[in-house]
Every structure is written in C-alpha cells, then in structure tokens.
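**Q** Have a look at this one.
The values are calculated or read from the model by the stated rules, or taken from the named source; none is laboratory data. Everything numeric in this text was worked out from a predicted model, so none of it was measured. Here the Cβ positions follow ideal geometry from the backbone for every residue, glycine too, while neighbour counts run over all protein chains shown. What goes into the accessible areas is simple: the full protein's heavy atoms, side chains included, and nothing from ligands, DNA or RNA. Shrake-Rupley method; radii C 1.70, N 1.55, O 1.52, S 1.80 Å.
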Amino acid sequence: MAANTNSFWVPPSKRRKILLEHHAPPLIPGLPDHIAQLCLSLIHPSILFSVCHSWRRLIYSSSFPPFLSLYAVLTCKAYSDSIHFYSFDPISSHWRSLPPPRPDPPLRILLRHPSFLSRNLPIQSIAVSGNLVLLAATAHNLYPALSRPLIFNPLRRDWNVGPLLPNPRRWCALGTARGSVYVASGIGTQFSIDVARSLEKWDLNGKSGEVWEKKTGLKDGRFSRDAIDAVGWRGKICMVNVKGNAAKEGIMYDVENDEWNDMPEGMLSGWRGPVAAMDEEVMYAVDEAKSALSKYNAKNDAWEEVMQSERLRGAEQLAAQGGRICVVSAGGVGISVVDVVSSPARLWEVDLPAGFEAAAVHILPRMPIPEPPESSDID
Amino acid sequence: MASSSKTITVVSSDGDEFEMTMKAAEQSKLITHMLDEFGVSDKVPLYNVNSETMAKVMEYCKKHADHEAAKEEDGGAAIGAGGEEELKKWDDEFLKVENGLLFNIILAANYLEIKSLLDSSCQAVADMIKGKTPEQIREIFNIKNDFTPEEEAKLRSENEWAFQED
C-alpha cells in the first residue's frame, strides 16, 4: 500500500540522513548516494527497477528525473456521477489513484442523459506542459460543470484552478500547442453562435498572465455539435467536426499567424477516428472501422499504416509520447498501448481497475512516491 | 590572465606534488577559485585526491587544455571537423580503468568541479550498466539482491512497454 499522505512525506535530504543513520546500503558501494544518483539518472528506470530495493525506491523519489506514466480519467459504473483520476505506472505495472481534487467546489458530473441515447456525455481533459487539465463536462442541471479548468501537477501532487473561462462549456474543441491550451466552439449553458465561433487561448507559461485570450474565431458554428479532440501539430491546431467515419470537414488554426486554414485533403481523408501528435511533430490516427493505426506523412499528404489490430476497432481517444500510442478502446472498456518505435509495431493491453471505464488517457511524468508499494496490487 | 607558460603546483593527499599549466588548472573551477583567492605562488593542497587519481586528473586537464588551445589557434583549423569526436574517443579510452579508480576519478571531478570529466565519468558508469541483466549489474557493483523469490518472479512480467525517456 502506498503511504502518500502529507504528514508522512519526508524530504529527500532528510530521508538520506535517516537512511544513513540506519546504515542502509549505499546505492553504489564506493560512491556517496548523491553522486551515485548522477550515474543512475542516465539509465532507463525500467533497468533500475529490477536490480534492488534501493534502486527501485530511487526512481520514485522527487530528486530523480520522473519517468513517463499513463494517466486516465475514469468513470465508475456503480457511482454514475463520479469522475476518478488514476495513473498507471508501466515500470511496476501498478495503478495508483491521484489525490482527489479539492472538494470545494465539489465535482459532480452528469454522464448519461436520455437525450443522448447510449453515449456518455463528454468529459474533456488534456495534458499540457506536464499537467493534467480537466476543462469541460456537464453538470446535473445540464449546465457546464466547470467554470474554470482544474489542473493536476504530478510532480507536486496537487490540484489548482486555472483562469475563469469567459463562456464555460459543456463541450468544446480542446487542444494544446506549444504550452498553450486552446478552446474553440462548443456549447455552454445553451447554444450561442458567438460561442460556437469563438477561440480562446490560455498560455500556461503565463506571458499574458492567468487569462484566456480571445483569438480569431471560426467563420460559422459548424464545429459546435460535438466534443472535439483538437490536435496540436507543427504550430497548428487541427480538428474535424464529426467523429468516426462519417463525412466531415477539417480545419487548422495557425497559432503564429492567428488564422484558420483548410485541412489538407489527404490529412482529412485519413482522419477516421481519434488522432494524436507525438511531440506535436508526428501525427497518428486510428481508423476505427478498419482497426488500423496510421502515421501521417506531411510531404505526401498521405497516411501510412503502422499496424492493424482488432483491439483498435472503435477506438475513442489517443495519447502519444515516448514512442508509444495509448488508445482508449471502444466503450472505454480498456486501454491499448502500441510501441511504434519497434518494427513491426507491438500492442499491449492494459486492464483498468475493476468497475471503471476510461473517458480519456494522457501521458505525463510519474508522481513522486515516498515509499513505493513492494507488490503490484490492482484495485 | 596569466600567460600559459606559468605553472602552479598542486599537492595530493599522499603528499606528492604535481605541476600543471594555468590553462590546465582552469579546467577545475575549484582550483581556479582557490588561485583567485590565494594567488599562484603557493602550492595548492588537494587533500581529497590521492596520487593515483591526481595523475589521471592531471592527464585529463592537460589533454583538454591542449584541445582548447588548438581550437583557439587557426580559428579551429588545427582541430578540424573530427576533432570533437577524437576527443570523445580519447575520453572513452582514458576512462577504461577498473572501478575503484573510476569512482575516485568521479569523486575528484566532483570535488575539483571539472564538469566535463564528471559528466564523462558518470556516463562511463552508466555505460557499464546498459545492456546488462540485473544479476550482471549486481555483480559489477557488488550489490546485494534483496528481492524475495515472489518479487523476482514478478519482474519478468512487469514493465514490458514503458515509455522511452529523452
């Protein structure tokens, strides 16, 4: 079991002192620990994990470069208005729940409503500059559930709030590029053509302070019908207005020139499911009908198939980083991870904690843990 | 700045004296700082470094000082395009020593604040670990295997698709 309450957290320097007082073995015999850490920080943590307990503790300490982990926004079948945040650590193969957001204001989300048939109402979140941001959802009175973004920082293990959104959304087009969050279109309390055409930008590096900046809007409300995962790619925010295989329109926002342009034909024709861009450089898409993962070739304006797998059928959302594509499966019942570096590409399944479904996955640095669990127990 | 023909003397923990040029001494932030504070006429005591290690550090500082000087002459023509790569190869060979000495070099580089030597020597330790099995790693560094049999069994199935790190 992970001890993660603040009262038990011991700062690394003090912990070293305590360890020395109890004659704990050095990380590398012959070197003081702070020097051994310099050497070990050059090794992939999956190697360190397998050598001994002290090397295993090291990779979770806040003085050690944090390795990437999977973060999931989950919903629970038993408590249908609750939203949960978990992280899957691929080094120990262990799910950990995030500390809950502050209870004030309490986060109560409406997931299902008769007017939306069998689909869940959208919950929209994004990863930006090493933070997890929750931005749009629906509350029980069919109002927007969030008037300001909720931000989780894994390294500090804490939640904060972002600037007040001028028009809180039940859903929108949500994307990130170069450390800024972009919110376009969508619907707030009720439909408004102004909101449906709007674009707002929030720069987390704070050059304009803690505000949403109004940017050049869309020419009509065609992108307001659905929750949209907009994709930041090479200085553009790219999006389509209909999910899945149906005919759709695509558009790209140029962040430097503050203008909207058409999406290239080839890019649009291959956008038949969820899309993500690795390092905002290489775009990947899952064709939910063909169950195929493809990579976009910008020079040829064409998609190249990377792998085909039944497990990709009906995929709902993607995250891409560290040579891996994480996929929320159809219905949110599971998560697949594709290694796109190896040739041929390989796919693994990640089981969710029992009783949960995935609304979204993101890839972020792991949280520091004072005492990692010794066994991998799954909820 | 003093001319490059000027030398200073450093003293190891074993009491041996080593002469180094100013340019070589500048490779070490600590020595540079001590010279600024106390002047160049006295011998600089480095009691944290033994003679065997000191000899290696002297060799490193001289090599890197010569490399820098050659870069400054001819606008770098003397070094050429492959110069940096050659220096790196020299560093790799230079660090092919047994663990005890390598660790002493790391400690000396840390103490003397020679960043490039600290970086290279730590990388040399990391390179010893890469590509090895956990058992081999433990053997190289004399580390006790403190996993239970259950924990060891789990190691095989864990951690199959971890993300790449930069």
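**Q** Where the centroid of each part is defined by its Cα atoms, how far is the stretch A:284-300 from the stretch B:98-155 in Å?
**A** Distance between centres, Cα-based: 42 Å.
**Q** Per residue of the stretch A:280-293, in order, report the coupling 6.51 cos²θ - 1.76 cosθ + 1.60 (Karplus, θ = phi - 60°) as ³J(HN,Hα) in whole Hz, putting x for Gly and Pro.
**A** 6, 10, 10, 9, 10, 9, 9, 7, 5, 7, 7, 6, 10, 9
**Q** Shifting gears a bit: For the pair A and B, how large is the buried accessible area, both sides, in square angstrom to the nearest 100, if the probe is 1.4 Å?
**A** Details: alone 18250 and 11190 Å², together 26070 Å².
So the total buried area for this chain pair works out to about 3400 Å².
**Q** Applying the Karplus parametrisation 6.51 cos²θ - 1.76 cosθ + 1.60 with θ = phi - 60° to the phi angles of the stretch A:168-175, what ³J(HN,Hα) value in whole Hz is obtained for each residue in order, glycine and proline being reported as x?
**A** Values, residue by residue: x, 10, 7, 8, 6, 8, 10, x Hz.
**Q** Under the Karplus relation 6.51 cos²θ - 1.76 cosθ + 1.60, θ = phi - 60°, what is the ordered set of whole-Hz ³J(HN,Hα) values for the stretch A:120-134, x standing for Gly and Pro?
**A** Here the 3J(HN,Hα) series is 6, 5, x, 10, 10, 9, 7, 9, 8, 6, x, 10, 9, 10, 9 Hz.
**Q** Taking 7 Å along the Cα-to-C-beta vector as the label spot, tell me the residue B:85-residue A:210 distance in nanometres, rounded to one decimal.
**A** Each label point lies 7 Å from its Cα, and together they span 5.2 nm.
**Q** Okay, next question. Please find, in a Gaussian network model of chain B (springs between Cα atoms separated by less than 10 Å), the residue of B:53, B:133, B:148 whose mean-square fluctuation is greatest.
**A** Fluctuation is largest for B:148.
**Q** OK, next. If r is the Cβ-Cβ distance from residue A:245 to residue A:348 and R0 is 30 Å, what FRET efficiency results, to the nearest 0.05?
**A** 0.70
**Q** Is any residue of the stretch B:112-133 close enough, with backbone N under 16 Å, to a label point placed 7 angstrom from the Cα of residue B:68 along the Cα-Cβ axis, and if so, which?
**A** B:112-120
**Q** May I ask you to list the trypsin sites (Lys or Arg not before Pro) in the stretch A:242-351 that are in a DSSP loop and have at most 12 other Cβ atoms within 10 Å of their Cβ?
**A** A:299
**Q** At 1.4 Å probe radius, can you tell me the per residue accessible area of chain B in Å²?
**A** 57
**Q** Could you pull out every residue, at least 5 positions away or on a different chain, whose amide H is within less than 5 Å of the one on residue A:333? Hs are placed 1.01 Å off N in the peptide plane, and Pro or chain starts have none.
**A** A:358
**Q** Here's something else I'd like to know. Can you list the residues of the stretch B:95-119 with backbone N under 16 Å from a point 7 Å past the Cα of residue B:132, pointing along Cα to Cβ?
**A** Answer for the stretch B:95-119: B:96-104.
**Q** Tell me the Kirkwood radius of the stretch A:71-173: reciprocal of the mean inverse pair distance over distinct alpha-carbon atoms, in Å. Mind dumping the intermediate values first?
**A** Values: mean 1/r = 0.0690 Å⁻¹.
By the Kirkwood definition, the hydrodynamic radius is 14.5 Å.
**Q** Please report the orientation-averaged projected area of the protein assembly as shown, defined via the convex hull of its C-alpha atoms, in nm². All intermediate terms of the calculation are to be shown ahead of the outcome.
**A** Values: hull surface 122.9 nm².
With every direction weighted equally, the projected area is 30.7 nm².
**Q** Continuing with the same structure: Any chance you could run the full-extension gain for residue B:33 through residue B:96? It's 0.36 nm times the residue separation minus the Cα-Cα distance, nm to one decimal.
**A** 19.7 nm
**Q** Could you work out what % of the accessible surface of the stretch A:214-311 is carbon and sulfur, using a 1.4 angstrom probe and leaving DNA, RNA and ligands out of the count?
**A** So the carbon and sulfur contribution to the accessible surface is 43 percent.
**Q** Among the aspartates and glutamates, select those whose C-alpha is under 17 Å from the C-alpha of residue A:299, and discard any that sit fewer than 8 residues away in the same chain.
**A** Partners found: A:262, A:265, A:280, A:281.
**Q** List the trypsin sites (Lys or Arg not before Pro) within the stretch B:21-52 that fall in a DSSP loop (any state other than H, G, I, E or B) and whose Cβ has at most 16 other Cβ atoms within 10 Å.
**A** Of the trypsin sites (Lys or Arg not before Pro), the ones in loops of the stretch B:21-52 whose Cβ has at most 16 other Cβ atoms within 10 Å are B:43.
**Q** For the stretch B:58-140, take every pair of Cα atoms, bin their distances at 5 Å starting from 0, and report each bin as a whole percent.
**A** Final binned percentages: 3, 13, 21, 21, 16, 12, 8, 4, 2, 1, 0.
**Q** Report the Cα centroid-to-centroid distance between the stretch A:61-100 and the stretch A:173-204 in angstrom, as an integer.
**A** 27
**Q** Extending each Cα 7 Å along its Cβ direction at residue A:192 and residue B:116, get the distance between those two points in nm, one decimal.
**A** Result: 6.1 nm between the two label points.
**Q** Rounded to the nearest 500, what is the 222 nm mean residue ellipticity of chain A from helices alone, with -39500 (n - 2.57) per DSSP H run of 4+ residues and division by all residues?
**A** One gets -2500 deg cm²/dmol as the mean residue ellipticity at 222 nm.
**Q** Also, quick follow-up: Find the accessible area per residue for the stretch A:264-353; the probe is 1.4 Å, ligands and nucleic acids are left out, and the unit is Å².
**A** Value for the stretch A:264-353: 42 Å² per residue.
**Q** Would you work out which of B:7, B:103, B:60 lies farthest towards the positive end of the dipole of chain B, given +1 charges on the beta-carbon of Lys and Arg and -1 on that of Asp and Glu, about the Cα centre?
**A** Result: B:7, furthest along the dipole toward the positive end.
**Q** With a 1.4 Å probe and all protein chains left in place, how much of the accessible area of the stretch A:71-180 comes from carbon and sulfur atoms, in whole percent? Please report the intermediate quantities before stating the final value.
**A** Working: 2530 of 4550 Å².
C and S atoms contribute 56 percent here.
**Q** Hey, another quick one. About the Cα centre of chain B, how large is the charge dipole given +1 on each Lys and Arg Cβ and -1 on each Asp and Glu Cβ? Please answer in debye to the nearest 20.
**A** The dipole of chain B has a size of about 180 debye.
**Q** Quick query: amide H of residue A:139 versus all other amide H atoms, modeled in the peptide plane; which residues come in under 5 Å with a sequence gap of 5 or more or a different chain?
**A** A:110, A:145
**Q** Compute the whole-percent fraction of alpha carbon pairs in the stretch A:271-379 spaced more than 19 Å apart.
**A** The calculated P(r) of the stretch A:271-379 puts 46 percent of pairs beyond 19 Å.
**Q** Something else now. What is the ratio of the Cα radius of gyration of chain B to 2.2 N^0.38 Å, with N the residue count, to two decimals?
**A** For chain B, the normalised Cα radius of gyration is 1.33.
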